[in-house]
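The values are calculated or read from the model by the stated rules, or taken from the named source; none is laboratory data. Because the structure is predicted, anything quoted here is derived from the model rather than measured. Virtual Cβ from ideal backbone geometry, glycine too; neighbours counted across all protein chains shown.
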Amino acid sequence: MRTAFDACTLLIFAALAGCATTSDHAVAGHTLTTEERWQLALHSQDRPGVRVNVMKPSAQPMPLATPRTALPLTWNLQGKSLSIDDYFQRHPVMALLIAKDGEIVFERYQFGLTAEHRFLSNSMAKSITGLGMGLARADGFIPSFDALAQTYLPQLTGTAYGETTLQNLMNMASGVKYEETYKPGDDHGKFRMAANRVGVVLGAKAFNVREAPQGTRFHYASIETSLIGAVLQTATRESLARYLEPRLWQAIGAEGTATWFLDGAGLENAAGGVRALPRDYLRLGIVLANDGQRPDTGKQVIPREFLLDSTDWHRVAAAFRPRNPSSYYGYSNYFWLENSRARRFMLLGIHGQAIFVDPAHRLVMVHLAASEHAKVGEGTMGNERAALWRAVVQHYGKW
């Protein structure tokens, strides 16, 4: 969703206007539309003056071997044979990285961008927030996800969100009426404006109609992750960035600093405000593909059972499995669950941000894009990105 223009963003927009076909490879790149240029600026460029909290990198980054040969990947879609070169020509992909067994097998950037740029996560940050909940339970700060949100956020006592369990917030299953369409005037826009004025907790009080029993349906609502971010801050008595810096960001072996946008009340945008290097998103995916273990050190970073509960659709209730009544994908603890027999899952963000994970094959694909569609399924990128991922998996094994 396009936000108001400011001077900084206009300067970035102008600087990128001439980068429509720049590519780090010999093949011609994608020609950006005006809207895609806008999204490119928002997603690939830091914005001076915006308040952030910082997660510092690890003193011992996870090593990543770089690709020695090209990845000979082709696939068929709607009667057409496609390659990665075709994909880059057809879509505004900023960065694409693929790792197998902890080693990079493909890495490419477009529009003059490089591995040194930090990219905006959008809602991939929700999954990071979910991992924070798993760590907080392991640390004893949150003994049970069956607790009501008002236990940690007493200002919500007696409200629909206050009387929702943490687990149902983590599954987007509060049943509270909230429409997130990324169009002007939707509830999400109203909530973000309120959160910047009065904070997440008070802003959430305006949404107080429960239209379905909690725990019975999946209904995407970023406000619920924002509330979980507030719960984490209250429970740990630390900012989200400070709490996760040693336990997650440094623990996965991140090589670069990550920043996390703050709202008007100084709380991290838990639903979508992380900026990080593409290879650090890849490192996170590698740890996830190894069931929470950092492969180069053997250290268990993320509690394994929590991760399995979050990413194995066999472990979740029917309402949250793939092909449930409201979603083709399954959903648990802010992870999207693939409709496949093997365990595969995703971290997804609007405009094309994604980390795909296949633990059985130790495969990870990081996809960072500047789609003009907030929901990439509204354009061609959604189906073509899914076909690309399927081709990657089938290159190394069976789907």
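Residues are listed down the side, and each one gets a yes or a no for (1) in contact with a helix residue (DSSP H, G or I) (Cβ under 7 Å, 6 or more places away or on another chain); (2) surrounded by 20 or more Cβ atoms within 10 Å (Cβ to Cβ); (3) closer than 17 Å to Asn122 by Cα:
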residue	(1), (2), (3)
Ala318	no, no, no
Tyr334	yes, yes, yes
Arg341	no, no, no
Gly352	yes, yes, yes
Ile355	yes, yes, yes
Val364	yes, yes, no
Gly377	no, no, yes
Tyr396	no, no, no
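Residue-by-condition table, conditions (1) in contact (Cβ under 8 Å) with a residue 12 or more places away in the chain; (2) buried (at least 23 other Cβ atoms within 10 Å of the Cβ); (3) within 23 Å of Phe335 (Cα to Cα):
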{"residue": "Lys190", "(1), (2), (3)": "yes, no, no"}
{"residue": "Ala195", "(1), (2), (3)": "yes, yes, no"}
{"residue": "Gly199", "(1), (2), (3)": "yes, no, no"}
{"residue": "Lys205", "(1), (2), (3)": "yes, no, no"}
{"residue": "Arg210", "(1), (2), (3)": "yes, no, no"}
{"residue": "Pro213", "(1), (2), (3)": "yes, no, yes"}
{"residue": "Thr216", "(1), (2), (3)": "yes, no, yes"}
{"residue": "His219", "(1), (2), (3)": "yes, no, yes"}
{"residue": "Ser226", "(1), (2), (3)": "yes, yes, yes"}
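Across region 96-138, which residue is farthest from Arg237 (Cα to Cα) among those that are hydroxyl-bearing (Ser, Thr, Tyr) and part of a helix (DSSP H, G or I)?
Step by step, filter region 96-138, then rank; the result is Ser127.
Confirm whether Ile104 is among the β-branched types (Val, Ile, Thr) and not assigned by TED's automatic domain parsing to the domain that holds Gly382.
It is false that Ile104 is among the β-branched types (Val, Ile, Thr) and not assigned by TED's automatic domain parsing to the domain that holds Gly382.
Does Val393 count as touching a Leu at 6+ places or on another chain (Cβ under 8 Å), in contact (Cβ under 8 Å) with a residue 60 or more places away in the chain, under 25 Å from His91 (Cα atoms) and not small (Gly, Ala, Ser)?
So Val393 fails the test.
Which residues, taken from region 275-306, are buried (at least 24 other Cβ atoms within 10 Å of the Cβ) and among the hydroxyl-bearing types (Ser, Thr, Tyr)?
Tyr281
Give the residues of region 53-69 that are surrounded by fewer than 18 Cβ atoms within 10 Å (Cβ to Cβ), of a type in the set (A, V, I, L, M) and more than 19 Å from His361 (Cα to Cα), sorted by residue number.
Val54, Ala59 - these are the residues of region 53-69 that are surrounded by fewer than 18 Cβ atoms within 10 Å (Cβ to Cβ), of a type in the set (A, V, I, L, M) and more than 19 Å from His361 (Cα to Cα).
Any residue in region 131-152 that is touching a His at 6+ places or on another chain (Cβ under 6 Å), buried (at least 23 other Cβ atoms within 10 Å of the Cβ) and of a type in the set (A, V, I, L, M)?
no
Among (1) buried (at least 20 other Cβ atoms within 10 Å of the Cβ); (2) farther than 25 Å from Leu337 by Cβ; (3) of a type outside the set (Lys, Arg), which single condition is Thr257 missing?
(1)
Residues that are of a type in the set (Ser, Thr, Tyr), more than 18 Å from the chain's Cα centre (by Cα) and not assigned by TED's automatic domain parsing to the domain that holds Ala195, at least 1 per element: which helices (runs of 4 or more DSSP H) completely within region 223-330 meet that?
Of the helices (runs of 4 or more DSSP H) lying wholly inside region 223-330, those with at least 1 residues that are of a type in the set (Ser, Thr, Tyr), more than 18 Å from the chain's Cα centre (by Cα) and not assigned by TED's automatic domain parsing to the domain that holds Ala195 span 240-244.
Considering only residues that are in a loop (DSSP other than H, G, I, E, B), closer than 20 Å to Glu107 by Cβ and at pLDDT 95 or above, which ones fall in region 28-57?
His30, Pro57 - these are the residues of region 28-57 that are in a loop (DSSP other than H, G, I, E, B), closer than 20 Å to Glu107 by Cβ and at pLDDT 95 or above.
Can you tell me which residue in region 74-95 is surrounded by the most Cβ atoms within 10 Å (Cβ to Cβ), limited to those that are at pLDDT 95 or above and part of a loop (DSSP other than H, G, I, E, B)?
Ranking the qualifying residues of region 74-95, first place goes to Pro92.
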